[in-house]
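A.B. asks: Quick one: the structure is below, questions incoming.
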Amino acid sequence: MKRSLIILPFLGQMALAGMAGGDYTIGADSINGGGAYGNAVSSGGYVLSQNFGQTSGVKVSSTPETELYAGFLGAYMGDGLPPYIYSSNVFEGFRGVHSTQTIAIAFGEDMDVATIANSFRLITLRDNSGNRVTGSAAVVGGEASFDYLNGEFNFSPDSPLKNNYTYVIDISTDLRDEEGYFALEGIKKWFGIVMNPVDDNICLLREDASSEVDKNTRANFGRGALSDFSYLKISSSPATSPIEVDSEKVRKANEKQLRNNGIYSYPVTTYEIVGYKSSGEKLTASFNKPVVIEMSYKDDSNDGIVDDSNPPLFVKELAIYWLNEEHSLWVKLPSSEVKTENKIVSAEINHLSVYALMGSASYDLSKAHAFPVPYIASKMPKKITFTEIGNDYTIKIFTISGELVRKLNFDISQEAGQYVWDVKNDKGQNVFSGVYVYLITNQQQKKTGKIMIIR
């Protein structure tokens, strides 16, 4: 049983009252309870120690109207902490657990041993394809025991755990320490079993103990891609929380990408993926055959723009890049492919590295056009919209004789892929009725068309 000393500062004069049998030390003064209550007044100092006989409560008050309860006490004062896992041979989020490993857990409190086995469950969360396992099949049977010598709870599954499956240690609020405290929300921690090279293995890059995860962001290791039993460590923030990569190289690569390719070349998501053999030795060799990596994006409105991207990114321009650490440079994977039906971008890789889903400027003008045409000023809003123009453009509007009427430069405040023209010339005057020619250009393409304006 863990016991704690209460230390309370006095601000001004404080009165201390205790039940019969209470002995208190306040500063240098000792007070014996004696009768039904013992009272003392001190002008400062701390309660340094408390020795309670049959004390059931302690009350510290500055005035009769304002009372501060230190807590209700028995023959001792407990620490008041809920039970928690102090150490375990299965670490949260570790994917390299062996299939035959016995689970050992040491708690940070002296436990009510009888409650441990009743509150503990080992649950199969996902299979080696990332699919959720539910129902009675999810519960793993096994033998529970408590090692009193080492203070450890042990759980031995009835049969080996399955390779590349994800499991959750689930400890309910029935767990109690010797003081009767329990974890208000229970305890959950997930782990994974090493991959078997003779199996098809799908590793989710966004993994946790919840039932709802992003199944579409993953690495697909086909049968035979690996030579050894292996596992992955993954960081979704290598620029700030790297595993092994130099975070400065990630930062420099981001800066170069922005400087060389413009404001639309920035990562949507980034993952550092490091592989290890089951022995802990790092995987450095190329795969025996390509591994497919997939990264999801959000486009809930199906408008072709990545949700919450700023500046807005066109879905069709997304691609997966790998980090060339030697040169601190992002390199586009030539096999990158956008699959709008699943809202993922996929690419083949032959080694593990830092990978990013990244946008870029859109230069495709094949569908660029203006509307409404003809523009009838008396019946329509005072605007003509150029659409499908990408996010790197210049628009010039000419009279039919070739005189420049208006030049419209890229404007980030405009809606992605569009520019709304107020039908005025460079001097701010309304454009006269007539036929006009527009020319849309960017670094790679150009597109021309005609507009009729009727005033």
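A.B. asks: Lys188: which lysines have alpha carbons under 21 Å from its alpha carbon, excluding same-chain residues fewer than 8 sequence positions away?
C.D. replies: Hits, sequence-local ones excluded: Lys162, Lys215, Lys233.
A.B. asks: Taking R0 as 25 Å, what FRET efficiency do you get between Ala104 and Leu81 from their Cβ-Cβ distance, rounded to the nearest 0.05? Intermediate results must be reported in sequence, preceding the final value.
C.D. replies: Values: r = 22 Å, r/R0 = 0.86.
E(calc), rounded to 0.05, equals 0.70.
A.B. asks: Using the Karplus curve 6.51 cos²θ - 1.76 cosθ + 1.60 with θ = phi - 60°, what ³J(HN,Hα) values do you get for each residue of the stretch 285-290, in whole Hz, with x for Gly and Pro?
C.D. replies: Values, residue by residue: 6, 5, 5, 5, 8, x Hz.
A.B. asks: Given labels modelled 7 Å from the Cα in the Cβ direction, how far is it in nm from Met452 to Lys339?
C.D. replies: Placing both labels 7 Å beyond Cα along the Cβ direction yields 4.7 nm.
A.B. asks: Right, next: From a point 7 Å beyond the Cα of Asp200 in the direction of its Cβ, which residues of the stretch 124-162 have a backbone N at a distance under 19 Å?
C.D. replies: Only 126-133, 162 pass the distance filter.
A.B. asks: Within the stretch 185-220, list the residues whose amide N lies under 17 Å from a label point set 7 Å along Cα→Cβ of Ala138.
C.D. replies: So the set is 186-192, 207-215.
A.B. asks: To continue, here is another question. Checking a compactness column here: for the stretch 141-180, what do you get for Rg(Cα) / (2.2 N^0.38 Å), N being the number of residues?
C.D. replies: Numbers: Rg = 13.2 Å, N = 40, 2.2 N^0.38 = 8.9 Å.
With N residues counted in the stretch 141-180, Rg over 2.2 N^0.38 Å equals 1.47.
A.B. asks: Then there is this: What number of lysine-lysine pairs in the stretch 236-355 show an alpha-carbon separation below 21 angstrom, given a sequence spacing of 8 or more or placement on distinct chains?
C.D. replies: 14
A.B. asks: Let me ask something else about it. Express the C-alpha Rg of the stretch 92-142 as a ratio against the empirical globular expectation 2.2 N^0.38 Å, rounded to two decimals. Please list the in-between numbers first.
C.D. replies: On the way: Rg = 13.6 Å, N = 51, 2.2 N^0.38 = 9.8 Å.
Against the empirical 2.2 N^0.38 Å value, I get 1.39 for the stretch 92-142.
A.B. asks: Taking K and R as +1 and D and E as -1, what net charge do the other residues with C-beta under 13 Å from the C-beta of Ala144 add up to?
C.D. replies: Details: positive: Arg121; negative: Glu143, Asp147, Glu152, Asp158.
It works out to a net charge of -3.
No value in this document is a laboratory result; all are computed from the given coordinates. As the structure is a computational prediction, the values presented were derived from the model and not from experiment. Here the Cβ is made from the backbone with ideal geometry for all residues, glycine too, and neighbour counts use every protein chain on show.
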